[in-house]
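As structure tokens, the structure follows; a few thoughts come after it.
The values are calculated or read from the model by the stated rules, or taken from the named source; none is laboratory data. Predicted model only: the values in this text are computed from it and were never measured. We place every Cβ from the backbone using ideal geometry, glycine too, and count neighbours over all the protein chains shown.
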Amino acid sequence: MPSVSLWLDKSDVAKHIDEQIDRLYTLPLDEFTAARNALAKEAGREGGAVKRLAKPPLAAWAVNQLYWDRRPEYQSLVDAAERMRKTHKAVIEGRKGDLRAAGREHELALEKALKATVELLTGRGQPITDAVRHAVLNTLRALPADDTPGRLSRALAPGGFEMLAGVVPKKGPRVRGSVGPKVQESESSKGRGPRDLRTQGPTDLKAHRDREAAERAVRDAEHRARRAEFEAARAAREATKAEKRAAEARDGLERAREESSAADRDAAAAVRERETAERKSRDAESALETTRKRLENR
């Protein structure tokens, strides 16, 4: 097949190839490799880049289908994830934000997206094992990602607190010794040094102790949340690695089956050739015998 560059200008070639790459990721998974190789042959100078496009594992392929065929569910999940991240950022920076509501919205969108993805897999006859379902869920939870939407070539793992890298937490009140937060000077005390907490009344001391207790509770909760987040991210990475190993094993099995089929075809062809040769040999012997008899009868 001649290169598309023979009849299209450069911008049209790029657009054509881009559209065909999109099409690759909408095809049934077992058609990806052959279609990619065919596109690489007709892509001219871009053929090498096209040939390097990796066949996605099942979980990534499933999320790609969600993007192409169930865009509302996909976009709702991405929007909810963006809002949740913005809320996390706002709270860490000391601004107001309802983390519980943002998390609940994201979980609902995640549930709908997972259900839609499973329906797509089922409708296309793909197996849904626990490992596949888990890998799909992790990939959905990791959205949005840096990868081009609809062209995932790998299963994703949800990020931990690294997704908030660069966010500067708002500094809390300064602590003076082990007593509690520094007390702001009143107008009447300026020039006389800060007030000593020991000179405050019982109500003020109780307020400071309550504030200290509340701050400790917040720090403890943040520590537990961070630990849980990191553990979830670690488990997700392990699941992604397992899915990758399973995908590699499936690819190896597929290649072995193809090689076995090719060997069977070659063996069948060899048997046919042998039978043909034997038949020709018998025919030749028969013809020779007939010729001998004719000569003897003369």
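Would you pick out the residues in the stretch 36-70 that are among the hydrophobic types (A, V, I, L, M, F, W, C), in contact (Cβ under 8 Å) with a residue 60 or more places away in the chain and not in a helix (DSSP H, G or I)?
Matches in the stretch 36-70: Leu53, Ala54.
Taking the conditions exactly as written (modelled with pLDDT under 85, assigned to a helix (DSSP H, G or I), in contact with a Ser or Thr (Cβ under 9 Å, 6 or more places away or on another chain) and under 26 Å from Glu31 (Cα atoms)), does Ala246 satisfy them or not?
yes
Which numbered condition trips up Pro57, out of (1) exposed (fewer than 14 other Cβ atoms within 10 Å of the Cβ); (2) modelled with pLDDT of 95 or more?
Failed condition: (1).
Name every residue in the stretch 92-136 that is surrounded by 14 or more Cβ atoms within 10 Å (Cβ to Cβ) and part of a loop (DSSP other than H, G, I, E, B), in order of residue number.
Gly97, Gln126, Ile128
Can you tell me how many residues in the stretch 117-145 are among the charged types (D, E, K, R) and touching a Leu at 6+ places or on another chain (Cβ under 9 Å)?
So the answer is 3.
Quick one: is Glu259 surrounded by 10 or more Cβ atoms within 10 Å (Cβ to Cβ), part of a helix (DSSP H, G or I) and at pLDDT 80 or above?
It is true that Glu259 is surrounded by 10 or more Cβ atoms within 10 Å (Cβ to Cβ), part of a helix (DSSP H, G or I) and at pLDDT 80 or above.
Residue-wise test of (1) in contact (Cβ under 8 Å) with a residue 12 or more places away in the chain; (2) assigned to a helix (DSSP H, G or I).
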site: Asp18; (1), (2): no, yes
site: Leu27; (1), (2): no, no
site: Ala34; (1), (2): no, yes
site: Pro72; (1), (2): no, yes
site: Leu77; (1), (2): yes, yes
site: Ala80; (1), (2): yes, yes
